Amino acid sequence: MKTALITGGNNGIGKATAIGLAKKGFEVIIACRNAEKGQKAVSEIKKMANQEQVSLLICDLASLKSVEKCAIDFKSKYDKLDVLVNNAGLIVDDYKTTEEGFEYQFGVNHIGHFYLTKLLLPTILGSEAPRVVTVSSAIHYQGKFDFDTLRTAPEKYSGMDYYAQSKLANILFTKGLAKRYPKIITNALHPGVVGTGFGSGDVAWYFRGIWNLMKPFLMKPEKGAATSIYLASSDEVKVSGKYFDKQQERRSSKLSDDAELAEQLWEYSEKAIAEYA
């Protein structure tokens with residue numbers, strides 16, 4: 001039985017991805033920061049997928065200590081990981097930082113996943129045909145990079161701009177991973193505009209209002225998860241280091257194709273992890 005670990009698998013697209021992969025016969029492990037919500041999701045996924053091989057790991061991507069504990073717990077139970085789905089993501093409106101002082105969206109959406117992937121590499125490479133799927137967004141087309149404010153508050157903070165930067169980082173990470181580990185089929189994706197609880201967190205009241213008005217017209221999580229499930233499981237997927245939308249390979253932004261920027265981000269991330277370790 002193949003194994004799949006999905007971050008943010010207790011809700012929205014992540015939960016729908018977990019159900020889809022469990023239905024395909026995967027043993028699914030969801031990783032989330034809230035034990036109560038996670039256990040509830042595990043029970044629901046088991047029931048909806050008619051699959052008992054579903055379990056929970058605690059992982060708060062805003063804490064590298066928690067990420068490390070999650071990886072240790074995983075490796076204590078499994079000697080291989082067939083699919084890692086870096087799904088969890090968030091958007092905030094006000095500037096705040098992770099436990100290690102990174103701008104929150106960059107820290108959670110990129111650094112947390114970078115560190116988790118790095119720690120799990122031995123088990124990923126232990127799989128016969130490993131895959132890493134990272135959920136990005138079409139907002140990455142608007143993304144720019146400012147390394148100077150990743151751990152220092154900017155004079156003016158735009159949550160949407162930093163969200164776009166973090167989603168650009170997801171694609172640059174995917175390209176860097178593909179370059180370094182050709183055995184791994186790794187791709188990024190835009191899931192579509194999905195009606196989940198995503199827009200209800202620490203964001204401005206006007207964004208929450210717009211999001212709530214849009215909800216009746218948004219894509220269902222099951223449809224939003226289709227590309228994640230496809231990249232995680234389909235034999236049709238042969239390419240690596242690419243960007244997908246609606247289960248089709250698409251051209252990502254010009255900046256995401258900047259090999260020098262991808263190297264700079266990888267080196268920055270490695271150094272940041274080394275400082276923590």
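The values are calculated or read from the model by the stated rules, or taken from the named source; none is laboratory data. Remember, predicted model here, so these are calculated numbers, not experimental data. With ideal geometry, Cβ positions are generated from the backbone for all residues, glycine too; neighbour counts draw on all protein chains shown.
So that you can scan it fast, the table gives a plain yes or no per residue for (1) in contact with an Asp or Glu (Cβ under 8 Å, 6 or more places away or on another chain); (2) surrounded by fewer than 17 Cβ atoms within 10 Å (Cβ to Cβ); (3) within 23 Å of Thr174 (Cα to Cα); (4) not charged (D, E, K, R):
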| residue | (1), (2), (3), (4) |
| --- | --- |
| Gly8 | no, no, yes, yes |
| Gly12 | no, no, yes, yes |
| Lys15 | yes, no, yes, no |
| Phe74 | no, no, yes, yes |
| Thr97 | yes, yes, no, yes |
| Glu103 | no, no, yes, no |
| His110 | no, no, yes, yes |
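Could you list all residues from the stretch 17-30 that are in contact (Cβ under 8 Å) with a residue 60 or more places away in the chain and under 15 Å from Gly89 (Cα atoms)? Selection gives Thr17 alone.
Can you find, within the stretch 41-59, the residue that is surrounded by the fewest Cβ atoms within 10 Å (Cβ to Cβ) among those that are β-branched (Val, Ile, Thr) and farther than 25 Å from Ile185 by Cα? Explain how you work it out, then say what you get.
Initially, the stretch 41-59 is screened for residues β-branched (Val, Ile, Thr), giving 42, 45, 54, 58.
Going one step further and asking which of them are farther than 25 Å from Ile185 by Cα, we end up with 42, 45, 58.
Numbers: Val42: 21, Ile45: 26, Ile58: 14.
The selected residue is Ile58.
When the residues of the stretch 261-277 are filtered to those that are exposed (fewer than 11 other Cβ atoms within 10 Å of the Cβ) and small (Gly, Ala, Ser), the one that is nearest to Leu172 (Cα to Cα) is Ala274. Is it fair to say Leu265 is in contact with a helix residue (DSSP H, G or I) (Cβ under 7 Å, 6 or more places away or on another chain), modelled with pLDDT of 95 or more, of a type outside the set (Asp, Glu) and part of a helix (DSSP H, G or I)? Yes: the conditions hold for Leu265.
Given the conditions (1) more than 28 Å from Ile139 (Cα to Cα); (2) at pLDDT below 95, which single one is not true for Lys23? Of the numbered conditions (1) more than 28 Å from Ile139 (Cα to Cα); (2) at pLDDT below 95, the odd one out for Lys23 is (2). Here is a check on your reading of the model: is Leu177 more than 17 Å from Lys242 (Cα to Cα) and either in contact (Cβ under 8 Å) with a residue 60 or more places away in the chain or in contact with a strand residue (DSSP E or B) (Cβ under 8 Å, 6 or more places away or on another chain) (or both)? Criteria not met by Leu177. Look at (1) at pLDDT below 85; (2) among the small types (Gly, Ala, Ser); (3) in contact with a Leu (Cβ under 7 Å, 6 or more places away or on another chain) and you find that Gly143 fails only one, number (1).
For the stretch 46-84, how many residues meet the condition of being aliphatic (A, V, I, L, M) and in contact with a Leu (Cβ under 7 Å, 6 or more places away or on another chain)? Of the residues in the stretch 46-84, 4 are aliphatic (A, V, I, L, M) and in contact with a Leu (Cβ under 7 Å, 6 or more places away or on another chain).
Residue count for the stretch 122-163 under the criterion of being surrounded by 14 or more Cβ atoms within 10 Å (Cβ to Cβ), outside any helix (DSSP H, G or I) and of a type in the set (Val, Ile, Thr): the result is 4. When the stretch 240-260 is limited to residues that are within 19 Å of the chain's Cα centre (by Cα) and part of a loop (DSSP other than H, G, I, E, B), the one that is surrounded by the most Cβ atoms within 10 Å (Cβ to Cβ) turns out to be Ser252. Entry remark, the stretch 176-199: residues being out of contact with any Ser or Thr (no Cβ under 6 Å at 6 or more places or on another chain), in a strand (DSSP E or B) and at pLDDT 85 or above number 1 in total. No other residue among Gly20, Gly38 is closer than 23 Å to Lys223 by Cβ and crowded, with 19+ Cβ neighbours inside 10 Å apart from Gly20. Between a first residue in the stretch 136-158 that is more than 14 Å from Leu172 (Cβ to Cβ) and a second residue that is modelled with pLDDT of 95 or more and in a helix (DSSP H, G or I), which pairs have beta carbons less than 7 Å apart while being 6 or more apart in sequence or on different chains? Cβ pairs passing all conditions: Ile139/Tyr163; Ile139/Ala164; Ile139/Lys167; Gln142/Ala164.
With respect to (1) of a type in the set (Phe, Trp, Tyr); (2) assigned to a loop (DSSP other than H, G, I, E, B); (3) in contact with a Ser or Thr (Cβ under 6 Å, 6 or more places away or on another chain), the lone exception for Phe114 is condition (2).
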